[in-house]
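Since the structure comes first, as structure tokens, the remarks are kept for the end.
The values are calculated or read from the model by the stated rules, or taken from the named source; none is laboratory data. Bear in mind that the values here come from a model prediction, so they are computed numbers and not experimental data. Here the Cβ positions follow ideal geometry from the backbone for every residue, glycine too, while neighbour counts run over all protein chains shown.
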Amino acid sequence: MKCPFCQKEINDSSKFCPECGKKLQSDTISENSMLQNTAVSGDKEPAGGLKSAAETAGNFQKDADFETERKEEFSQRNNDPELNAVIKKLDNMNIMQIVCLVSFFIPVVNLLGQILLLVIVIMSLGLSVRVSSVLRRFRYYEYARISEGIKTKCAVILLSSILMAVAAIIMLIGVGRQSVTLMVGGYAVCFVMSLVATVLEIYCFLRLYTIMNVMDSIAHNREHPKKPGAGLVICIPIVFVLLIFTLSGIAAVIGLPIVIQHMKNCIFTEILMEAHNVQRQAAICAHEYNYTDFAGICDNTSEAAEGFGWKLRSPRDYATEYVDSIEVTSTNAEDSDSGYPEIKVTVNAKDSYFPDPDPKITYVGIAINDDIRWRLDPRETTVIIDIQSPWSVWDIR
């Protein structure tokens with residue numbers, strides 16, 4: 001008889017179409033069998049639709065023989081070594097994927113999850129080819145194409161993981177160099193690549209269950225399940241993306257200002273500590289000359305200066321990671337703006353951390369009543385000293 005769905009010739013007593021896998025109704029089987037038996041025999045059906053005992057017994061024997069043949073046929077399929085090997089590998093990969101997805105939500109452990117993901121991806125590249133070959137051998141072409149699509153997506157996941165590792169290295173370099181640009185850029189790339197890899201991982205996870213169900217139906221001679229619609233497969237990753245985007249956005253809004261504030265505190269702490277150390281040396285120099293006659297003496301612009309208990313090194317000798325040089329100059333009362341002897345300490349910061357081409361902080365020490373009173377000179381200071389707000393201090397490059 002013919003299958004009412006695909007119109008292929010099949011056995012009269014088949015309950016499932018071996019071509020399309022559709023389940024056949026019992027009335028369709030009986031009707032088709034009756035029509036073909038009548039056409040072959042040329043006899044009319046006995047009145048009232050009753051059959052002879054011999055014919056009924058023959059049909060039962062025929063059904064029994066077909067069931068025996070069908071069981072033997074699928075018993076051979078169950079013993080297919082390639083089919084069983086692929087099913088076993090799919091079961092192992094399913095367990096690995098579950099562990100991988102769970103590990104993504106556990107701090108520290110998610111690093112091991114990334115390694116496990118790479119192992120799964122590399123395994124999938126070869127396994128998808130074997131799965132596709134088995135499905136095509138049993139004429140499940142649509143599912144074979146799904147398996148081949150998983151291979152492509154695994155290649156994208158592998159590329160995303162490599163880019164994510166590179167972005168993480170760039171982000172760590174940014175932390176070491178105190179560069180917000182490298183930190184934010186590395187974090188953004190790392191976040192996007194992680195998002196892409198996770199979404200594709202969920203997609204492949206859903207498709208894996210589809211493939212596993214099909215392979216199981218082949219092994220046990222069941223009607224193959226329907227392929228999940230594209231809407232279901234797409235909606236789940238989208239919901240996951242929105243959830244991850246929301247959580248990451250909250251974490252970035254809370255964490256990024258803290259990181260920037262810490263970086264600025266570190267930079268200013270080192271700059272101010274270097275400035276205060278030089279101020280103490282300059283104050284001792286002024287004390288040695290009675291706070292009056294130190295003009296041109298407490299000065300390191302031409303060469304290093306040294307006295308009893310104090311030493312002013314050359315400007316470049318004060319260079320650190322954030323400080324380029326520190327200059328010390330001194331003037332007498334006649335040449336100063338305040339009318340008192342003055343010592344000026346100028347810290348030239350490195351322009352790699354500041355937007356100003358000539359970032360510097362200048363302190364002026366005024367000698368009054370045998371003491372040095374230090375104040376910030378706003379006219380010669382190009383870096384705003386306000387580390388209370390992480391966003392308003394300056395733009396770190």
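Within the option set Val156, Val184, being closer than 20 Å to Leu208 by Cβ and either in contact with a Leu (Cβ under 9 Å, 6 or more places away or on another chain) or charged (D, E, K, R) (or both) holds for one residue only, Val156. For the stretch 276-290, filtering for residues that are over 57 Å from the mean Cα position of the chain (by Cα) and in a helix (DSSP H, G or I) leaves 4. Report whether or not Ile157 is buried (at least 20 other Cβ atoms within 10 Å of the Cβ) and part of a helix (DSSP H, G or I). Yes: the conditions hold for Ile157. In the stretch 93-124, the qualifying residues are those that are surrounded by fewer than 12 Cβ atoms within 10 Å (Cβ to Cβ) and closer than 24 Å to Asp216 by Cβ, and the one that is modelled with the highest pLDDT is Ile95. Listed by first and then second residue, the pairs with beta-carbon distance under 6 Å, at least 6 apart or on different chains, first residue in the stretch 343-362 and within 21 Å of Ala295 (Cβ to Cβ), second assigned to a loop (DSSP other than H, G, I, E, B), are Ile343/Cys298; Thr362/Asp377; Thr362/Glu380; Thr362/Thr381.
Residues that are closer than 24 Å to Lys311 by Cα, modelled with pLDDT of 85 or more, among the hydroxyl-bearing types (Ser, Thr, Tyr) and in contact with a strand residue (DSSP E or B) (Cβ under 8 Å, 6 or more places away or on another chain) do not occur anywhere in the stretch 367-384. Please go through the stretch 140-155 and pick out each residue that is under 17 Å from Phe205 (Cβ atoms) and of a type outside the set (D, E, K, R). Hits for the stretch 140-155 are Tyr143, Ile146, Ser147, Gly149, Ile150, Thr152, Cys154, Ala155. Do we have any residue at all in the stretch 168-178 that's within 27 Å of Pro81 (Cα to Cα) and either in the same structural domain as Phe354 (by TED's automatic domain parsing) or not in a helix (DSSP H, G or I) (or both)? No: the stretch 168-178 contains no residue that is within 27 Å of Pro81 (Cα to Cα) and either in the same structural domain as Phe354 (by TED's automatic domain parsing) or not in a helix (DSSP H, G or I) (or both).
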